[in-house]
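Shown next, in structure tokens, is the structure this report addresses.
The values are calculated or read from the model by the stated rules, or taken from the named source; none is laboratory data. Computed from a predicted structure; not experimentally measured. Quick reminder, even Gly has a Cβ in these numbers, built from the backbone with ideal geometry, and neighbours come from all protein chains shown.
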Amino acid sequence: MAAFERGDAVSAFNIKDTFPYGSLDYTAWNNAYPDITLKDGRNPPADYVIMKPDAGKEIVVLAKEQEILRLFNHIEPPTIFPWR
């Protein structure tokens, strides 16, 4: 989470693994990842797969995805780190 909060797009993909596989949070982090990488100027890996939420959970997952993206979009990469 600390890396994500510093503006590291790759960490968003790793965060999903902190949640149980297939949970709403896991699916939301997984599905937000391509938009986060695109904002960071990259493409998601070729083997990346968007997860279909369980029936009836689509709206909840979409809301979580949008919140994740909103958080990431408000992050300004720090200028103190010369490698960024």
- [ ] Considering only residues that are farther than 15 Å from Phe13 by Cα and in contact with a helix residue (DSSP H, G or I) (Cβ under 8 Å, 6 or more places away or on another chain), look in the stretch 68-84 and name the one that is modelled with the lowest pLDDT.
- [x] Ile75
Task: Options Asp35, Asp8; residue that is in a loop (DSSP other than H, G, I, E, B), within 13 Å of the chain's Cα centre (by Cα) and surrounded by 15 or more Cβ atoms within 10 Å (Cβ to Cβ) - done: Asp8
- [ ] Please verify whether the stretch 48-67 includes one or more residues that are among the hydroxyl-bearing types (Ser, Thr, Tyr) and not in a loop (DSSP other than H, G, I, E, B).
- [x] no
TODO: Mind listing whichever residues of the stretch 1-42 are aromatic (Phe, Trp, Tyr) and over 17 Å from Glu67 (Cα atoms)?
DONE: Tyr21
TODO: Look at the stretch 43-68 and say how many of its residues are of a type in the set (Asp, Glu) and surrounded by 15 or more Cβ atoms within 10 Å (Cβ to Cβ).
DONE: 1
